[in-house]
Each structure stands twice: as structure tokens, then as C-alpha cells.
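Can you read through this structure? Questions will come right after.
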Amino acid sequence: MYVLAKSVLALMIGFTISVLLGLILVPLLKKFKAGQKTSKFVLAHKGKNGTPTMGGLIFILSTLFTIFALYITDKIHISSNLLIILFVFLGYAIIGFVDDYLKVKYQSNEKGLSRLQKFIAQTVLAIVFFYIYIRNGSNPVIEIYALKLKINLGFLYGFFILFMLVGASNAVNLTDGLDGLAGGLSAISILVYAMITWNSSWLDGYDDVAIFSFILVGSLLGFLVYNGHPAKVFMGDTGSLALGGTIATLAILTHREVSLIVIGGVFVIETMSVILQIFSIKIRGKKLFPMSPIHHSFEKWGWQEQDIVRLFYVIGFILGAGALVYGVWI
């Protein structure tokens, strides 16, 4: 009961601060005209043009404020593993913020950071991650529990970390196309990893990492108050990159790397729809889907935005629950 009480309290603190922070930041973003240019290919979203972006600051700042408050009151300790998560969380948020800022400044989605600039920044973060991870005594091993298989990658584990971080952050970014979709799915994924972390007592500072995760879930729920349909603010790359990097980090630290394919199953489906669409156009000369990522195809098929989000939430919850039962209980 003590663990449950701490988790619920952390979630509620994150939620409350996030909601209060949103009351300040949403008007500020409007005041500074931080509006997002929506895609000209999605006509259904024409009315969303000019909606403030960089809303990811709401759950990012609320999470950091809460962690700081708990730290100075000696309710949480900054272990090396929590330091890794905070480093990735903040590092990816900064990359996304710079990208969003440039897009807003030049009023063009094409004027943000280049792919090379993003990749260089992400590579630097992955190198620091790997250094702290190995210095902490962690093993560069991938474990596939279903097959009872352990693969020691050695220094190649650094490249694996980079692949995980880049892949997950881009996946969440691609999914962030409907009101509340990426935020809700991220909350589900992080909640699952939070519960897995509570059962990873071998992990240094596992309880503090779990508390961070529950705070972030609460902060995301608070953010959805403003991001749910009709969205008053978008999370932007500021939020999506931070969330993707954090989800991947939780999977790595808990040695549940492969589980990310299931827990983040909707993100994987969204990403694969884009990859398959590109291959189909290049090889067959025609589209496989009406539009990618696949949530836009559902819009083309006549689905209402809220119904698509609800469907994807249900799929994300089922996949996350299944992975949790297998990874913790069975």
C-alpha cells in the first residue's frame, strides 16, 4: 500500500502542477504568437492553423519542478539512473524546443533544425548516456526473456542506445498528429514502465525512477486538459522528442528493450505505416495507404478525430497491459 500511495501521490502532484502551469503557459504562447503551421495536405486540420505549439513545456516543466521540490525536501534521491533519465528528458526537450522555435520564428515547418543537426545532437546525448550507463556498472546486454536469450553487444551497445533513442523519439513525433493522441499514448506507455520499474529492485534507484515516471504520467494527464480535442495547444517537437527519448530510456534501464515494440506498439504501427508508404511509392509507384502516418488514413476513410484517438488509446492500453502482465506477473 505504501508503494501505491507514493505512486498515486506523485501522479496527482504532477497533474496538479501541470494544470496550473497550463493556465499560465497557454496564454503566454498565444501572446508570443507561437502558432503552428498545419500541413497543407491535411485539409481537415485547416481550422487548427495558428494553434500554439511548444506546449510540451507544460509537462516538462511541471515534471522538473516536482522532482526539484521532492529533492530539496529529501523525498527523492538523484541516483545515476535517474540522472540518465533527466539528462535524456531535458536534452531531447531542448533539441525539440530549438526546432520549434526556428519553425515559429520563420513561420515555416521547413525552417527548423535539419535532420543532420538533430542527429548530431542525438548522437552526443547517446554517447553521454552510454558513458554514465557503463560507468554505473551496467552491462551492455540485451535480454530477450521469452527466448531466454542474452546478447552482449559490448561497445556496440552505444549504437543500440542511439537507435532506441532516435527511433522512439521520431515515432512519438510522427504520432503527434491528432489532438491528444501522442500525449495519451505516451502516458499509457510510461505508466506501464513505471509499474515495471517498481518491480525492478535490482535497478539502482528504482523507486526514484518509478516516482519520476508517475510524476510524468500525471503531468501528461494535466497537459491533456489543454491538448484534448479541440486542442488549445500542441506539444510540438519540444514534447514529442522528450517523451520518445524518455520512453526508450525507461526500456533500456529496466532491461525491457524488446518490450518497447509491444508497449509502444501504436507508435511502431504509425512509424511502419510511413516506412511502408515510402517503399510502396518508390517500388510500386503508388500509395499503400491514402495517407501516412496511418491516423491520417482513418481521417480519409471518414473517421472522426475523437474516434480515432479513442481507438488508438484502446489498442495502446491492451498492448501495454499484455506486456505488463507478461513482464511482471508471468
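Which pairs break 27 Å Cα to Cα here: K33/K111; K6/K232; K33/K286; K48/K103; K48/K111; K6/K148?
Exceeds cut-off: K6/K232; K33/K286; K6/K148.
While we're here: Taking the dipole about the Cα centre of the chain, with the C-beta of Lys and Arg at +1 and of Asp and Glu at -1, give me whichever of A10, L181, I67 is farthest to the positive side.
The residue sitting most towards the positive pole is L181.
In which sequence would M235, M164, M272 go, from the one with the fewest C-beta neighbours within 10 Å to the one with the most?
M272, M164, M235
I've got another one for you. Only Lys, Arg, Asp and Glu count, each charged at its Cβ (+1, +1, -1, -1), so figure out the dipole size of the chain about its Cα centre, rounded to 20 debye.
I would put it at about 1060 debye.
Taking the chain as a Gaussian network, Cα atoms linked when under 10 Å apart, which of T249, T16, T238 shows the biggest mean-square fluctuation?
Of T249, T16, T238, the most mobile in the Gaussian network model is T16.
Is any residue of region 170-214 close enough, with backbone N under 17 Å, to a label point placed 7 angstrom from the Cα of Q304 along the Cα-Cβ axis, and if so, which?
Backbone N within reach: 178-181.
Quick one: the Cα spread of region 177-283 along its three principal axes, in angstroms, biggest first?
48, 36, 18
Within 10 Å, count the other beta carbons around each residue, average over each peptide in 106-117, 177-188, and list them highest first.
Going by the mean number of other Cβ atoms within 10 Å, highest first, we get 177-188, 106-117.
A follow-up question, please. Each residue of region 221-230 in order: what ³J(HN,Hα) in whole Hz does its phi give by Karplus 6.51 cos²θ - 1.76 cosθ + 1.60, θ = phi - 60°, with x for Gly and Pro?
4, x, 5, 5, 4, 9, 9, x, 5, x
Can I ask one more? Residue by residue, what Karplus-based ³J(HN,Hα) values in Hz, rounded to whole numbers, does region 102-108 have, using 6.51, -1.76 and 1.60 with θ = phi - 60° and x for Gly and Pro?
Taking θ as phi minus 60°, the curve returns 5, 5, 5, 4, 9, 6, 8 Hz for region 102-108.
Roughly how far apart, in whole Å, are the Cα centres of region 97-148 and region 203-260?
Their Cα centres are 15 Å away from one another.
Let me ask something else about it. Which one of S138, F212, H229 is farthest out on the positive end of the charge dipole of region 104-237, using unit charges on Cβ (Lys, Arg +1; Asp, Glu -1) and the Cα centre as origin?
S138
Starting from the 7 Å offset along Cα-to-Cβ, what nm value, one decimal, do you get for the label separation of S114 and I142?
3.1
Evaluate the distance, in nm, between pseudo-label points positioned 7 Å from the Cα of N199 and of I24 along their respective Cα→Cβ axes.
3.9
Also, quick follow-up: So what is the calculated 222 nm ellipticity per residue for the chain, using -39500 (n - 2.57) for each DSSP H run with n of 4 or more, over all residues, to the nearest 500 deg cm²/dmol?
Helices in the chain give a 222 nm mean residue ellipticity of -23000 deg cm²/dmol.
Read phi for every residue in region 183-196 and hand back ³J(HN,Hα) as whole Hz from Karplus 6.51 cos²θ - 1.76 cosθ + 1.60, θ = phi - 60°, with x for Gly and Pro.
Values per residue, Gly and Pro as x: x, x, 5, 5, 4, 5, 4, 5, 4, 4, 5, 4, 6, 5 Hz.
Run the quick spin-label model on F32 and K282: label points 7 Å from Cα toward the beta carbon, then report their separation in nm to one decimal.
Each label point lies 7 Å from its Cα, and together they span 3.8 nm.
Okay, next question. Percent of Cα-Cα pairs per 10 Å bin, from 0 to the last occupied bin, for the chain, please list those.
Taking all Cα pairs of the chain, the binned fractions are 6, 26, 36, 24, 8, 1, 0 percent.
So how do 60-72, 301-313 stack up, highest first, on mean other-Cβ count within 10 Å?
So the peptides 60-72, 301-313, ranked by packing, come out 60-72, 301-313.
With no solvent and one point on each alpha carbon, what is the Debye value of log10 I(q)/I(0) for region 125-241 at q = 0.16, 0.22, 0.23 Å⁻¹?
Listed by q, the Debye log ratios stand at -0.93, -1.30, -1.33.
Among V309, L241, H296, flag the residue with its Cα farthest along the positive direction of the charge dipole of region 234-310, charges on Cβ as +1 for Lys/Arg and -1 for Asp/Glu.
The residue sitting most towards the positive pole is H296.
Mind putting a number on the dipole of region 180-330 about its Cα centre? Charges go on the C-beta only, +1 for Lys and Arg and -1 for Asp and Glu, and I need it in Debye to the nearest 20. Mind dumping the intermediate values first?
Numbers: 8 positive and 9 negative charges, 148 e Å.
It works out to roughly 720 debye.
Values quoted throughout were computed directly from the atomic coordinates according to the rules given, and no laboratory measurement underlies them. The shown structure was predicted, so the numbers you read here are calculated from the model rather than taken from an experiment. We place every Cβ from the backbone using ideal geometry, glycine too, and count neighbours over all the protein chains shown.
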